[in-house]
Amino acid sequence: MKKLLLGVVVISGITMANLSQAATQTAVFSGGCFWGVDAVYKHVKGVTEVVSGYAGGEAKTAHYELVSEGTTGHAESVRVTFDPSRVTYAQLLQVFFSVAHDPTQLNRQGPDEGSQYRSAIFYTTAEQQQLAQSVIQTLTAKHVYSAPIVTQVAPLKQFYAAEAHHQNYLALHPTQPYIVFNDLPKVDRLHKIFPDLYQP
């Protein structure tokens, strides 16, 4: 289980790397079903766009029905576009590890099982790679979790946007049972743990 001080642990153990200060940057995270991860990052200040999609496989298999078989190499992912002057990549990592999913679950997340639901960070720069690996090392050294972190850190080859009906799913289906039980609690947790980062 996570300790509620996870955000403090990351901030105290990791320096905010001097990632290039472009107007916007992108990050790609995989943490189970993309509906919930998408919803969490849409509520983070400084995030300008979140797209649900697939990463880790080939273009020809970047379709929900094929990805759901768990044999394509793809993981359900979200591409987060953010303003680094308002939110840092390190802060997005904090949200990933403490709110968006459980990084100790191997090839599953909650009720969903299969490699397409694996925990993964697809980096787009060497700086993102270094920071992601440093965060994992810090969390491991401080024993923040009772089980090992299984998050993969891999280069992003290509991100493929998911079908239109998977985009912004939580906002469009807030009463759907899966959303109510699995994803709305994540948004609530973001508000409680990171009130300064939360936007309605």
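Using DSSP loop states and a limit of at most 15 other Cβ atoms within 10 Å to flag GluC sites (Glu not before Pro), what is the longest stretch of the chain containing no flagged site? Walk me through the numbers before you get to the answer.
Details: sites that count: 58, 69, 163.
It works out to 70-162.
Show me the ranking of peptides 30-37, 100-107, 168-175 by mean Cβ neighbours inside 10 Å, starting with the highest.
Packing order, densest peptide first, comes out as 30-37, 100-107, 168-175.
Listed here are the pairs 45/192; 45/142; 157/192; which of them are more than 24 Å apart at the Cα?
Details: 45/192 14 Å; 45/142 28 Å; 157/192 34 Å.
Beyond 24 Å between Cα atoms: 45/142; 157/192.
With +1 on each Lys and Arg Cβ and -1 on each Asp and Glu Cβ, and nothing else charged, work out how big the dipole of the chain is about its Cα centre, in Debye to the nearest 20. Intermediate results must be reported in sequence, preceding the final value.
On the way: 14 positive and 15 negative charges, 114 e Å.
Dipole of the chain, to the nearest 20 debye: 540 debye.
Rounded, prolate or oblate: pick one for the stretch 154-200, where a ≥ b ≥ c are the square roots of the eigenvalues of its C-alpha gyration tensor, a/c under 1.5 means rounded, and failing that, prolate if a/b is larger than b/c, else oblate. Kindly include the intermediate steps, with their values, before the conclusion.
On the way: a/c = 2.32, a/b = 1.25, b/c = 1.85.
The shape class here is oblate.
What is the chain by shape, rounded, prolate or oblate, if you read a ≥ b ≥ c off the alpha carbon gyration tensor as root eigenvalues and call it rounded for a/c under 1.5, prolate for a/b larger than b/c, and oblate otherwise?
Numbers: a/c = 1.29, a/b = 1.24, b/c = 1.05.
Rounded, since a/c falls under 1.5.
Suppose R0 equals 30 Å; then what is the FRET efficiency for residue 130 and residue 66 from their Cβ-Cβ distance, rounded to the nearest 0.05?
It comes out at approximately 0.35.
About its Cα centre, what dipole magnitude does the stretch 107-183 give when the only charges are +1 on Lys and Arg Cβ and -1 on Asp and Glu Cβ, stated in debye to the nearest 20? Show your work: numbers first, answer last.
Details: 4 positive and 5 negative charges, 46 e Å.
The dipole magnitude comes to about 220 debye.
Bear in mind that the values in this text are calculations on the coordinates, not laboratory data. Please read these numbers as outputs of a predicted model, since none were measured by experiment. Neighbour counts are summed over all protein chains in view; Cβ atoms, including those assigned to glycine, are modelled from backbone coordinates with ideal geometry.
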